[in-house]
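The values are calculated or read from the model by the stated rules, or taken from the named source; none is laboratory data. Computed from a predicted model, the values in this text were never measured in an experiment. All Cβ positions, glycine included, derive from the backbone under ideal geometry; neighbour counts span all protein chains shown. Just the protein is used for accessible areas: all its heavy atoms, side chains included, with ligands, DNA and RNA removed. Shrake-Rupley method; radii C 1.70, N 1.55, O 1.52, S 1.80 Å.
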Amino acid sequence: MADTPGGPPAEPTLDEQIAAYQREFQDLDPQVEAIVSALGRLNRRMNVAYGRQTAEIGISNTEWEVLKALVLSGSPYRMGPGELARRLGLTPAAMTHRIDRMVQEGLVTRDRDENNRVRVIVELTPQGREKWLAAMRLASVFEEDLLQDLTPVERGLLGEVLIRLLRRVEETQPDAGGRLTDLD
């Protein structure tokens, strides 16, 4: 683990991390820890990469999440802010803050529901859809590059295994889709 002069200390390698954990906690299964630690690091590094890509097109990762949720809702790409907050695991206050920014940037609109004037509707704008498409193009290139060394069979197996792990967490930790604190 070599530190860069003047920079932050380098992160230990996975082997160094596991060795330190085993030294401090003898009951550790190194195989399990290698998998979990690698997944955590991969997730963190992918989020950084996606953040760089979304910054290139003028949006943040948090805005990307909202655009994605609206697209996933299907045409006409509309949802209530409460439903968006639940889908993204945010508090209503954090969702309101995020929507306020996105309205100012022209990515979404926020209007009263014509059928229920109490209800607010957030809708994807054409500009928001273009940002989503631009982010998808960048992400697909990054993801193809990330998986380039895997054969189609390996990709299939990896996908199946990761989905099984995800289902296990979703079954045993049903509230794990949310966040403990607001990120913005």
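Miscellaneous remarks
- Per residue accessible area of the chain, 1.4 Å probe, in Å²: 68
- Per-residue SASA remark: Asp175, around 120 Å² accessible (1.4 Å probe; ligands, DNA and RNA not included).
- Solvent accessible area, Å² - Asp145, 1.4 Å probe, full protein context: 90
- To the nearest ten degrees, helix 152-172 and the longest principal axis of the Cα atoms of the chain are 80 degrees apart.
- Per-residue ³J(HN,Hα) for region 78-84, Karplus 6.51 cos²θ - 1.76 cosθ + 1.60, θ = phi - 60°, Hz, x for Gly and Pro: 10, 8, x, x, x, 5, 4
- Just so you know, the averaged projected area of the alpha carbon convex hull for region 5-128 sits at 11.8 nm².
- Share of carbon and sulfur in the accessible heavy-atom surface of the chain [1.4 Å probe, %]: 56
- Between Val141 and Leu42, the modelled label-to-label distance comes to 2.3 nm, taking each label 7 Å out from Cα in the direction of the beta carbon.
- In region 12-67 the Cα-Cα distances spread across 5 Å bins starting at 0 as 4, 18, 20, 14, 10, 9, 11, 9, 4, 1 percent of all pairs.
- When the Gaussian network model of the chain links Cα atoms closer than 10 Å, the mean-square fluctuations of Thr13, Thr54, Thr151 top out at Thr13.
- Relative contact order of the chain, pairs being alpha-carbon contacts under 8 Å that are 6 or more residues apart, as %: 17
- Against the chain, whose longest principal axis comes from its Cα atoms, helix 30-56 is set at around 40 degrees.
- Counting only protein heavy atoms and using a 1.4 Å probe, the accessible area of Glu16 comes to about 70 Å².
- Against the chain, whose longest principal axis comes from its Cα atoms, helix 61-72 is set at around 60 degrees.
- In whole percents, the pair-distance distribution calculated for region 67-111 from its alpha-carbon pairs, binned every 5 Å from zero, is 5, 23, 34, 28, 9, 0.
- Where N is the number of residues in region 89-184, Cα Rg divided by 2.2 N^0.38 Å: 1.50
- Separation of the Glu154 and Glu171 label points, Cα + 7 Å toward Cβ, nm: 2.9
- Of Ser140, Leu70, Gly89, farthest towards positive along the dipole that unit charges on Lys, Arg, Asp, Glu beta carbons give region 48-143: Gly89
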